[in-house]
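The values are calculated or read from the model by the stated rules, or taken from the named source; none is laboratory data. Keep in mind that what you see is a predicted model, and the values were worked out from it rather than measured. Reconstructed Cβ throughout: ideal geometry from the backbone, glycine too, with neighbour counts over all protein chains shown. Note: accessible area is taken over every heavy atom of the protein model, side chains too, but ligands, DNA and RNA are not part of it. Shrake-Rupley method; radii C 1.70, N 1.55, O 1.52, S 1.80 Å.
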Amino acid sequence: MKCPYCSFQDTKVTDTRVIDDGEKVRRRRECIKCGMRFTTHEAVEIIPILVIKRDKSREPFNRNKLLSGLFRACEKRPVPIETIEGIANSIEIKLQNSTAHEVKASVIGEMAMASLKQVDEVSYVRFASVYRQFKDVNSFIEELNKLVKKEQ
């Protein structure tokens with residue numbers, strides 16, 4: 001850390017305290033050259049994830065939007081709320097841990113469908129019907145046939 005008084009490149013930490021309920025760290029530092037003391041604050045920098053929609057517009061990732069879609073797909077199904085929230089958490093963590101700051105909505109949709117397929121096939125089909133925007137009954141039946149063939 002560079003000293004704000006003499007611009008020397010080396011300082012030592014004399015005191016460290018956690019503040020804001022563990023969200024930040026406050027450090028007292030002392031310059032090795034001039035002996036002046038100063039305070040720094042450190043916080044985790046969360047880079048927002050942008051979702052690229054079908055129309056090429058971009059919007060910040062919204063976990064609540066994902067949860068809403070998952071809840072609708074699992075409505076009146078024997079899928080516990082904890083499982084649905086776990087799927088959303090898992091997807092959000094994967095997105096946060098990825099090096100990409102932009103992700104296509106289709107990638108998020110595929111991740112959600114893959115998770116739902118393992119949990120409840122009816123919920124998977126419901127989600128797929130909205131997500132894939134089936135044009136007619138035949139395309140919907142094709143998706144169901146794919147699901148049945150994979151089980152056999």
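Answer yes if at least one residue in segment 66-86 is touching a Ser or Thr at 6+ places or on another chain (Cβ under 8 Å), open to solvent by 60 Å² or more (accessible area, probe 1.4 Å) and under 24 Å from A128 (Cβ atoms), and no otherwise.
yes
Does T99 fit the bill of being under 19 Å from the mean Cα position of the chain (by Cα), open to solvent by 40 Å² or more (accessible area, probe 1.4 Å) and β-branched (V, I, T)?
Judged against the criteria, T99 is a match.
Restricting to segment 1-37, name every residue that is of a type in the set (S, T, Y) and assigned to a loop (DSSP other than H, G, I, E, B).
Y5, S7
Where in segment 40-139 are there strands (runs of 3 or more DSSP E), lying wholly inside it, with at least 1 residues that are of a type outside the set (D, E, K, R) and in contact with a Lys or Arg (Cβ under 8 Å, 6 or more places away or on another chain)?
It comes to 50-52.
Test E59 against the stated conditions and say whether it is more than 24 Å from L144 (Cα to Cα), of a type in the set (D, E) and free of Cβ contacts under 8 Å to residues at least 24 places away in the same chain.
When the stated conditions are applied, E59 passes them.
Can you spot a residue in segment 41-54 that is more than 20 Å from the chain's Cα centre (by Cα) and not hydroxyl-bearing (S, T, Y)? First the steps, then the outcome.
Narrowing segment 41-54 to residues more than 20 Å from the chain's Cα centre (by Cα): 41-42.
In the following step, the residues that additionally are not hydroxyl-bearing (S, T, Y) were identified as 41-42.
Yes.
Kindly indicate which of I108, I52, I87 is under 30 Å from D21 (Cα atoms) and either of a type in the set (D, E, K, R) or at pLDDT 90 or above (or both). Working first, answer last.
Values: I108 fails: under 30 Å from D21 (Cα atoms); I52 fails: under 30 Å from D21 (Cα atoms).
None of the other options fit; the residue is I87.
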